[in-house]
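**Student:** To start, I am sharing the structure in question, which I have written as structure tokens.
No value in this document is a laboratory result; all are computed from the given coordinates. Predicted model, so just to flag it, every value in this text is computed and none were measured. Counting neighbours? That spans all protein chains shown, and the Cβs are built from the backbone with ideal geometry, glycine included.
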Amino acid sequence: MSPVPGSAGQAYVDIRWAGRSESARYAVHSAKGRTVRIEATVELPAPGTAGRFALYGPDGVPIAHGELQLVSLRGSEAVLQITAGEKAPPPPVPSEPPPEVEVDMEDLPFPDMPAPGTPSVIVEGAEDSARPPSGSAARVATRIRGRGASEGIAIGIDLGTSNTCASIVKDGKPQVLTTRWGTTTIPSVLAILDGQVKVGPDAAKRLVLNPEETVYGSKRLIGRAYSDELADEFQPYFAYPLVETEDHQFGAGLPERVISFEEVAERLLFEVRKLAQESLGKPVDQAVITVPAYFGEAQRDAVRRAGRAAGLRVGRVVNEPTAAAVAYGYDRKEQATLVVFDLGGGTFDVSILKVEDNRFEVLGTGGDAFLGGIDVDDMLANLLLEDFVKTERLEGFEPNAQQVARLREAAEACKRGLSVQKKFAVQLPHFALEEGQARHLQVNVTQEDLDRLIDEFCARLVAITEDTLAKCGLQTYSVDDVLLVGGSTRLPQVQAAVQKLFERPPSKRINPDEAVALGAALLASKGGAVELIDVLPLSIGFAGEGRRFMRLIPRNTPVPKERSFVVRTTSEGQLTYPMPIFQGERKDAGRNEYLGTVLIEGIPAGAKGQEIELTLALDEQCFLEVRAKHLESGAPLDVKLLRRSADEVVAGLGPYEGPEDAPDRLPKKRSALGWFFARLRGLFARP
């Protein structure tokens, strides 16, 4: 691979370093073989640092994409060595320059936190604010300014837990693109084989052969801050060990290296973009990407960063139920209250929308990031294993990693089969070798077996839907239509539960497997003709006295939205003010999602108790921006975002002192194979 150099301001490279994320235009001065010389526009880390890159031509479309290492740095000139990469098809050159890109916030030294028990924020007369920005802002999200002209095609992408697909609008109609394998989706799976990273079908084949080197289900934890407590809670859902990445997020601890879930998404999106270009025969450089409605701000931002790193200008990150509603209601004139019941491979979302004349207003949303078809697969796999052990009289038998992968593959096929027939025969020849004799797994699974297995699973889906309706002040009879989305809604048990709840059959207007992708395509192509009014899925706030979670912007608040409040310095001569921001619904702030720590700088030296006004601004996509000003002088203050270990931040806040959360009215069972995955954690751990 030999990148094509260009004059300053034309060819450029975007770089993401380990432990930080810098996305800026670096002018390419020269390129030879795998060596690229650039003019650095922001501070670069020390030589020897490894990272990821996307090299762009004058058209703003990537020429190459892969891994690199910073070899040397002299002044503003840097030499990069490309260590691994993949080449993108060369696109035609448009007449306009590439877009201007705003630089992400840098990682900064973390200041001392106030002593445990010290009130971190005093809120006085919280108010809505429509004032213009005051002072520099910390954007928890990455923002793109000046999109620039583009000759590339805009696509919609449904980035799923189990499968990912792309869609376009052709002749006014949305359609899902077909891949080179003749399918409309690729598995959302990544594997490392002989040092080479594979995604999609090639990676999915390794789930059975090399499960310890294969990453699946990563969307469930993309962008989430790592903590030991959450790792222990989530580990039963994964066969590979969950570990902390250098940027303090969740990642997969593979034998060769740790890979972040954001990088998994980046590689999947790059592959989908490449497949779309092959299918269309034209460059693709813009996309609308969908995410679960229950995704927090940090997860949405991680998806957008992954899209940009994959060479896409991400016009919008849209909730999956909202995209499905657009596919259902685009160009419909009559008003309707719609419930979107979205059950995918790994997540469950329910959204309630008011739809009329291409205006889609979200009234409320609910869900569970760990409730999906994968959980049904696990329950069926456990059933198969129990039957095998009983039939073969193998008390104490423990399957190895490959056998568990075979069980899961068979369980998924069984689930699909029972969606259309009353009985399904599972046969796994030579499943085990005991005392020199081959043992075969042969189990007949009936609809009645599946009914018993997933009774509580369906009850939890219904409970979440009822809670969401109640929080919107609605009854089931207030709903005009129910739209089923996601392949897991094909289960007869799920359809029966929905029909029983709403006392009517759900709509069958749209293929549940394609609804999200089709809506994303319409938004990518006709976004200006569609008005979306969304809501904040989870409350945003801070840790008050006793680590109590103080909600500043509650869940289901319509966006865009701003909220201003006042904080006071806690010591004399205090020049900076750190404030960790959390998102969630737990009363203990430490058990909610840690988004980062807002650091206010430039406070004039003075007495304790100086007042600072902070403004939290949510845009229409639920991305957060924070501004600050010194109230006495009216001077704007610098605001920066720090990302640190969630465990360390929570420990610095002291113990929780407050009431416990009300118990879940229908607690969720842990993964049926959790006992085995927990045991594998030690087996797969890196030396």
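**Student:** Could you work out the local net charge near Leu441, counting Lys and Arg as +1, Asp and Glu as -1, over the other residues with Cβ closer than 10 Å to its Cβ?
**Tutor:** So the surrounding residues net to 0.
**Student:** Please sort 319-331, 471-483, 507-519, 212-224 by packing, taking for each peptide the average over its residues of neighbouring beta carbons within 10 angstrom, highest first.
**Tutor:** Averaged packing, sorted descending, gives the order 319-331, 212-224, 507-519, 471-483.
**Student:** Net charge within 13 Å of Leu407 by Cβ-Cβ distance, Lys/Arg positive one each and Asp/Glu negative one each, not counting Leu407 itself?
**Tutor:** After counting each charged neighbour, the total is -4.
**Student:** Take each of the peptides 453-460, 306-313, 562-569, average the number of other beta-carbon atoms within 10 Å over its residues, and list them starting from the highest.
**Tutor:** Details: 453-460: 17.2, 306-313: 25.0, 562-569: 19.1.
Top of the packing list down: 306-313, 562-569, 453-460.
**Student:** Over segment 373-448, what is the mean sequence separation of C-alpha contacts under 8 Å (at least six apart), divided by residue count, expressed as relative contact order in percent?
**Tutor:** Averaging sequence separation for qualifying contacts and normalising by length gives 29 percent for segment 373-448.
**Student:** Put +1 on the Cβ of every Lys and Arg and -1 on every Asp and Glu Cβ in segment 490-561; which of Leu552, Leu522, Val535 then has its Cα farthest towards the positive end of the dipole?
**Tutor:** Leu552
**Student:** Non-local amide H neighbours of Val215 (under 5 Å, H modeled in plane, Pro and chain starts lacking H): which ones?
**Tutor:** Leu190, Ala191
**Student:** Nothing charged except the Cβ atoms of Lys and Arg (+1) and of Asp and Glu (-1): what's the magnitude of the dipole of segment 373-448 about its Cα centre? Round to the nearest 20 debye.
**Tutor:** The dipole of segment 373-448 has a size of about 360 debye.
**Student:** Just want to confirm a number: the relative contact order over segment 536-652, from Cα pairs under 8 angstrom separated by 6+ residues, in percent.
**Tutor:** 26
**Student:** Distance check, please: which entries in Lys219/Lys526; Lys219/Lys587; Lys173/Lys274; Lys354/Lys629; Lys170/Lys354; Lys390/Lys423 exceed 30 angstrom between their Cα atoms? Can you show the working numbers first?
**Tutor:** Working: Lys219/Lys526 27 Å; Lys219/Lys587 26 Å; Lys173/Lys274 22 Å; Lys354/Lys629 38 Å; Lys170/Lys354 27 Å; Lys390/Lys423 20 Å.
Over 30 Å apart, Cα to Cα: Lys354/Lys629.
**Student:** Beta carbons within 10 angstrom, averaged per residue: use that to sort the peptides 390-399, 295-304, 353-362, highest first.
**Tutor:** Result, highest mean Cβ count within 10 Å first: 295-304, 353-362, 390-399.
**Student:** Within the set of other residues whose C-beta is less than 14 Å from the C-beta of Ser539, count the net charge using Lys and Arg as +1 and Asp and Glu as -1.
**Tutor:** Value of the local net charge: +4.
**Student:** Going by amide H atoms built from the backbone, whose H comes under 5 Å of the H on Gly606, apart from near neighbours?
**Tutor:** Counting only residues 5 or more places away or on other chains, the set is Gly573, Gln574.
**Student:** Let me ask something additional. Report the equivalent ellipsoid semi-axes for segment 542-641 in whole Å, largest first, defined as the square roots of five times the eigenvalues of the gyration tensor built from alpha carbon atoms.
**Tutor:** Numbers: eigenvalues 116, 55, 23 Å².
Its equivalent ellipsoid spans semi-axes of 24, 17, 11 Å.
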